[in-house]
Amino acid sequence: MTELPLIGDAPVAAESRLNGAKIGVVTFPGTLDDRDAARAVRLAGGTAVALWHADTELADVDAVVIPGGFSYGDYLRAGAISRFAPLMSKIIDAANSDAKLPVLGICNGFQILTESHLLPGSMIKNDHLKFLCRDQVLRVENNTTAWTTDYEAGQEILVPLKNQDGQYIADEKTLDALEAEGRVAFRYVGFNPNGSRRDIAGITNAAGNVVGLMPHPEHAVEPGFGPESNAGTDGLGFFTSVLNKIVGGAK
Amino acid sequence: MTTETNKKFNIDTVENAANTPDTELPWAELGLKQNEFDEIVKVLGRRPTGAELAMYSVMWSEHCSYKSSKNHLRQFGQKVTEEMKKDMLVGIGENAGVTNLGDGWAVTFKIESHNSPSFVEPYQGAATGIGGIVRDIISMGARPVAVMDPLRFGEIDHPDTARVMHGAVAGIGGYGNSLGLPNIGGEMVFDAVYQGNPLVNALAVGVMRHEDIRLANASGKGNKVVLFGARTGGDGIGGASVLASESFDDTKPSKRPAVQVGDPFAEKVLIECCLELFKGSLVEGIQDLGAAGISCATSELASNGDGGMQVELTSVLLRDPTLTPGEILMSESQERMMAVVTPENVEAFEAVMDKWAVEYAWLGEVTDTGRLIITWEGEVIVDVDPRTVAHDGPVYDRPYARPSWQDALQADTFTGSVQDAGRPSAPSELAAAVTELVASPNMCDKSWITKQYDRYVGGNTAMAFPDDAGVVRVDEETGLGVALATDANGRYTYLDPYNGAQLALAEAYRNVATSGAVPMAVSDCLNFGSPEDPDVMWQLAESIRGLSDACMELGVPVTGGNVSLYNQTGTTPIHPSPVVAVLGKLDDVARRTPSGWKEDGQAIYLLGTTAAELDGSEWAKLRGHLGGLPPRVDLAAERQLGEILINASRDGMVDSAHDLSEGGLAAALVESALRYGVGARIALEELLERDGVDLFTALFSESQARAIVSVPRSEEVRFKDMCTARGFAHLRIGVVDAASNALEINGVEAMSLDALREAHEGTLPKYFG
């Protein structure tokens, strides 16, 4: 499926050496931030490829973003239905394969990744029971994953957060293991917006290729359209990290 | 199976109706008056069938037919110059008006009410309000890109307000957030007049290429009629006719089941599915199903087309198989669309439906008979001229007269009233007054509400609350975008409906210009009491006259809107509340002007002049007074001010701009300071001398056509020259002071930003948790 940007043409890629890298963006029924994820890929210099949940083959992509939204209306449980999409089984296989396909799940995408058991734990309703949209400070706890190498370890970044079911939970043993193995990728700083255990905003798998988080880095990639401080582009590093990894070598 | 279904009812066929002229029909229960029922019999030449009665009753309801307001609404179409028509691609009458943005882009927007359902069931009422207005936008061929919600509830401390507040805000968020539409602004007003009748209005805006504009008509004999989206259920039956067209009355049985239930996921899929249909040019005409459901869609499509339509009602996919034909025709189940498709496109249409897993049913086809024929198992149950249902409903010239109490109300000015006793004047009193004002329910920070809405989704939100207007980028390459603001002041309009309606337009116009956008078009949602009350009817007539005159003078045409009547509790109507939405255009959204100060040392200018205008003000409300005359309207000044703000934005002469409206200069200064947490030093002596007012009046008067701007030092000369050349009053009243962390106004005790913030932001959480 080829999908045009919402409105207007795609801006020209910033760094032409990266645009050979193709990043798939999956659309499920009810996905909302797919165009935004594709825009972030483009602004980071890569080529975005639209993927459809019902596709039975994973197109020739170098990485995959599972974007935010309310796939299947969050009915039953956020991500619970999408997890069974034909394309998801391909993504699960590719992520677990020796090739270790880089996969980023944002918000609903993170929920789909936990439902798929690519990442441990789960998300429940925010502790205050309301949808919350705010600019949120995160600390990058692990800068060695496929999606975080362009950040400094311990770097604090500002990205939008917007969800209703964002409270990360897991049993104590899992949480201890995540901490011990350095798999807590992002932590909320200053304010825990949803009651997540140990202020966890995002995690990675052991191999570092699969990362999920509730906040939305794809909404902090363009000055004037993201958070008002820090230039509003702190999220771009997710996408440049994976593109640089794909193309090979540091910038 | 259908035969079995058939047996469940005594199907009242057209033939049966002709043979049984004396059968009693429940027309009164369906909201029709005797003269209206007689008219239906006259039009048909026989008694209507049950199904026909259902159709006429909903389509001839106040909500659908505009029967009390039509005669007055004509002015919006009449008071339009050629210049105003220049950019209007589709005017009043379609699902929503369409305005040319240039570069091949078009924008469509509309505001509607969902008041009564939101009182009965706040969550679903508000949610389906969003759903309905978004479908209007899709019907035009556009991709919806943002929503806004003007809200008016009862007093903040009334026990029932929290119920409405929690439900409506969660409903707007729950539905809008799930559609992927950023919520970029709106209003929140608390006033006792809305206690038993809150106003929940919803605005949606969409964009499209010119060639994608779609209209609601069924043309071309043999073309197929299809209903798609959600299944038809028992929710919302008679919602339009019964709920929206009568006042709440405790003595009648509960009408609760009449509120529709929303499924935002189905709507999101419907949006994407429709856009794919448009992209493939697979539909000839399309219409959303809103009030009056299939009755409205079939009769309007057929009436706007060039022929007739034949529909088999048992083909409709049902959620509830026990529904009668009349109920199916009246059901207001959400997330449904009706389209007309050529036989060649049927297969491609079905492929799109299958891709998005959307259910559909082919109901019939377009004919050239000029009749809308609806059958049930082949038996004719409706045979009407669709125009008589959709367009030729009753029109009333309701009697109206200036209320007997209006003169006394206008004579009761605030200045010198009992409530004005002890007016603040000492520096500490003035500081306390400013703090009290910005903490008041209407002037306080509204982020308790707005943080429950997704402002980011879509990635094109260039500005949102709390700035004066919401700004959305349309073209990512050029930065072309639109700005939107909605405003109304029920207190002003109560004092003087003609001028009050103009003030609503003036404020929305000013807000759009403040953002740097050029105002282009207007959509209005006229919320009033019962048109059968001559006082209310006068308020409505005067408001429409005032608004249409002002649109002409400002050169912005009304492209669509909605009238909501019978907003009252018992015999007590709400304040007349014409909510006006103005849409503007920004050539590059990067040039938008936010409302807060940032850079230390920038000069703060006040544009416009200040008179002693406290009647109807927020200060007067705080003191429990409502009387006198609203601020003077000066549309020529509004236009001039708008031009200055637009030029200043385009040429980079100002870094911030904030309009002065409710709460006057005091509110604007505090909001500009708190926006980014940057203070200022203000001196108003020169203003007091020039305008002949005291410091209290300078701070709290709500004189119109005013704004404050912050100007970089390098631009000051150029900016002053521009204002001087245009002969517009401008005065340097202060300087941005980043170090002070306070708002310092000469003659007013210094106010720390921390204390102001605590007061401003504490109010809603205090009442709503």
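A short reminder: the numbers here are calculations on the coordinates, not readings from a lab. The structure displayed is predicted, hence computed values, not measured ones. No Cβ is skipped: glycine too gets one built from the backbone with ideal geometry, and neighbour counts run over all protein chains shown.
Short-range pairs are left out: with C-alpha atoms under 8 Å and at least six residues apart, the relative contact order of chain A is 19 percent.
Inter-part distance, region B:499-519 to region B:309-377, computed on C-alpha centroids, equals 42 Å. Secondary structure note: in chain A, about 55% of the DSSP beta bridges are antiparallel.
Kindly identify region A:16-247 as rounded, prolate or oblate by the Cα gyration tensor criterion: order the square roots of the eigenvalues as a ≥ b ≥ c, call it rounded if a/c is under 1.5, otherwise compare a/b with b/c, prolate if a/b is larger, else oblate. Cα axes put region A:16-247 in the rounded bin. Ordered by the count of other Cβ atoms within 10 Å of each Cβ, fewest first, B:Met520, B:Met88 give B:Met88, B:Met520.
Taking other C-beta atoms within 10 angstrom as a stand-in for reagent exposure, A:His216, B:His158, B:His625 fall in the order B:His158, B:His625, A:His216, fewest first. Between the amide H of A:Val65 and those of A:Gly24, A:Val25, A:Val26, A:Leu104, distances stay under 5 Å, these residues lying 5 or more places away or on another chain, with hydrogens modeled in the peptide plane. For the listed residue pairs B:Lys67/B:Lys621; A:Lys22/B:Lys279; B:Lys70/B:Lys451; B:Lys451/B:Lys585; B:Lys268/B:Lys451, the alpha carbons are over 29 angstrom apart in B:Lys67/B:Lys621; B:Lys70/B:Lys451. Loop-located trypsin sites (Lys or Arg not before Pro) in region B:569-658 (DSSP state other than H, G, I, E, B) with a sparse environment of at most 13 neighbouring Cβ atoms within 10 Å: B:Arg632.
The spacing between region B:49-100 and region B:732-769, judged by their C-alpha centroids, is 46 Å. Between B:Arg650 and A:Lys125, the modelled label-to-label distance comes to 5.1 nm, taking each label 7 Å out from Cα in the direction of the beta carbon. Beta bridges assigned by DSSP with both partners in the protein assembly as shown are antiparallel in approximately 75 percent of cases. When the square roots of the Cα gyration tensor eigenvalues are ordered a ≥ b ≥ c, the ratio a/c for the protein assembly as shown is 1.5 or more and a/b does not exceed b/c, which makes its shape oblate. Could you state the angle between the C-alpha long axis of helix B:534-554 and the longest principal axis of the C-alpha atoms of chain B, as a value from 0 to 90 degrees rounded to the nearest 10? It works out to around 70 degrees. A straight Cα-to-Cα reach below 12 Å connects B:Lys33 with the aspartates and glutamates B:Glu62, residues fewer than 8 places away in its own chain not being considered. Could you let me know the centre-to-centre spacing of region B:394-439 and region B:264-298, using Cα atoms, in angstrom? Going from one Cα centre to the other spans 46 Å. In chain B, the sites counted are GluC sites (Glu not before Pro) in DSSP loop states with at most 10 other Cβ atoms within 10 Å, and the longest stretch holding none of them, exclusive of the sites, is B:30-769. For region A:211-251, the residues whose backbone nitrogen is under 20 Å from a point 7 Å from the Cα of A:Lys100, taken along Cα to Cβ, are A:211-213, A:238-251.
Given a Förster distance of 35 Å, report the FRET efficiency between B:Asp354 and B:Glu211 from their Cβ-Cβ distance, rounded to the nearest 0.05. Calculated value: 0.85. Sites counted here are GluC sites (Glu not before Pro) in a DSSP loop (not H, G, I, E or B) having no more than 13 other Cβ atoms within 10 Å; the longest part of chain A that contains none of them is A:58-151. Of all DSSP bridge pairs formed entirely within region A:14-77, close to 10 percent run antiparallel.
So which trypsin sites (Lys or Arg not before Pro) in region B:74-166 end up in coil per DSSP with only 12 or fewer other C-beta atoms within 10 Å? Passing sites in region B:74-166 are B:Lys86. Residues of chain A were split at every exposed loop site, defined as chymotrypsin sites (Phe, Trp or Tyr not before Pro) in a DSSP loop with at most 14 other C-beta atoms within 10 angstrom, and the longest piece left, sites excluded, is A:76-190. Angle of helix B:293-304 to the longest C-alpha principal axis of chain B, folded into 0 to 90 degrees and rounded to 10: 90°. Going from the residue with the fewest nearby Cβ atoms within 10 Å to the one with the most, B:Leu73, A:Leu236 rank B:Leu73, A:Leu236.
For a test of the definition: using alpha carbon positions, the gyration tensor, and the 1.5 limit on a/c, classify region B:406-505 as rounded, prolate or oblate. Oblate is the answer for region B:406-505, as a/c is 1.5 or above yet b/c matches or exceeds a/b.
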